[in-house]
Amino acid sequence: MLGIRILFTALLAFSGSVLGDEIETDENVLVLTKSNFESALSSSQFILVEFYAPWCGHCKSLAPEYAKAATKLLEEESPIKLAKVDATQEQELAESYGVRGYPTLKFFKNGSPIDYSGGRQADDIVSWLKKKTGPPAVEVSSAEQSKELIAANNVIVFGFFADQETDKAKAFLNVAGLVDDQVFAIVSDEKLISELEAEDQDFEEKRVKYVEEAFNEDALKTWVFVQSMPVIVEFSHETASKIFGGQIKYHLLLFLSKKNGDFEKYLDDLKPVAKNYRDKIMSEFIQSFFAGTLKQHLLSEDLPSDWNAKPVKVLVATNFDEVVFDTNKKVLVEFYAPWCGHCKQLVPIYDKLAEHFESDEDVVIAKIDATVNELEHTKITSFPTIKLYTKDNQVKDYNGERTLDGMTKFVETDGADGAEPTPSVSEFDEEEETPTRDEL
């Protein structure tokens, strides 16, 4: 039976070994300088070089993974070597290869460099290098070989094809050549296919079969990416490129405290839901999102107990609609910001306006702090913004002078007087814009 399997296993830990004495090594990574760089390239068909700076945080994070990758390749007796150059000491060498930031990784094949585009975990580095130096998929000829591959790789993609000339087999091999950070293996011996299908019961929970109706390169590439990711990924510099640079377009972010033990407390309960939605990306929340029925979470202050005790009524997001869309009243609302200078200047005038209409049961003068209260139907971009909500639920913006007389006429005429800006307002009195927020 044709199919594809992904097997997840634990990473093997390898002990370090010593490379030759010709070039200094640090945890099996060649230490290169201007004096030995060319000789290293000429003596190695395949070599990955990291240009780093000792003070660089990203370089420090990469260092242990880079060393693991070097050790793994050495243990496998691979012809691929890993090297590093301190670009702060070898500035001329770094500049000759266009190094502008750290770390910069260049892969040299027979002395010709290309930019490294793989991940920053040891397995990712090794997988990328093997893809660049060998066939896209390993030919598996025995069950023992398959077990060795499984043991040596955190993730491996198996393709079972009796005939490698079929369109599906070709699509599989094409995807294998495109996906740099995973190891692909192909099995064509029908007897071995049957044997491997029946074996590996210990891995049943860690094995995923491709069952999608569409068998094309795009669908297969997406499936490999999704299934090779853990159901819940811890966000870090190392995983960010995979999370946001891959085929998964929707992400549910969970903010948990390791210090408080939230990871252990909640992750086991969240994993089943994450597994069910991993190919799309709390269950009701996610279902509502994809159904388009999920409502945006909006900020709101708590409603003060004395919100209607003074002439100017205090609105928050939770009572806004109830007060403003009352068809028995017309409601004037000032959207303000506590830091806004124009808003502060308006306070005494707005208070007098509210006192003027206090005895009129048909009129409500209100205000809302728009910096801490969000409304789904109203977006405020400058302060102060003044709007009149009429009895028939029309909304009219006040653009006149912020005077007692001007705003009084605006309310009394149901927004007819004051809707158009006066010359003094349009030319001299600029509103204060809302500050932008930086979000990660």
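Details
- Added length on full extension, which subtracts the Cα-Cα distance from 0.36 nm per residue, D360 to T378: 3.8 nm
- Rg/Rg_ref, the range 25-133, where Rg_ref = 2.2 N^0.38 Å and atoms are Cα: 0.96
- Applying a threshold of 19 Å to the alpha-carbon distances of K310/K352; K330/K367; K34/K131; K34/K72; K60/K132 flags K34/K131; K34/K72; K60/K132 as lying beyond it.
- Legend: distances between Cα atoms for K68/K147; K84/K147; K147/K259; pairs beyond 27 Å are K84/K147; K147/K259.
- The range 25-133 - percent relative contact order, Cα under 8 Å, separation 6 or more: 38 percent
- At R0 = 41 Å, FRET efficiency that the Cβ-Cβ distance of F325 and K259 yields, to 0.05: 0.35
Read the figures in this text as sums done on the coordinates, not as results from a lab. What you see is a predicted model; the values in this text were computed from it and never measured. Glycine also receives a Cβ, built like all others from the backbone with ideal geometry; neighbour counts cover every protein chain displayed.
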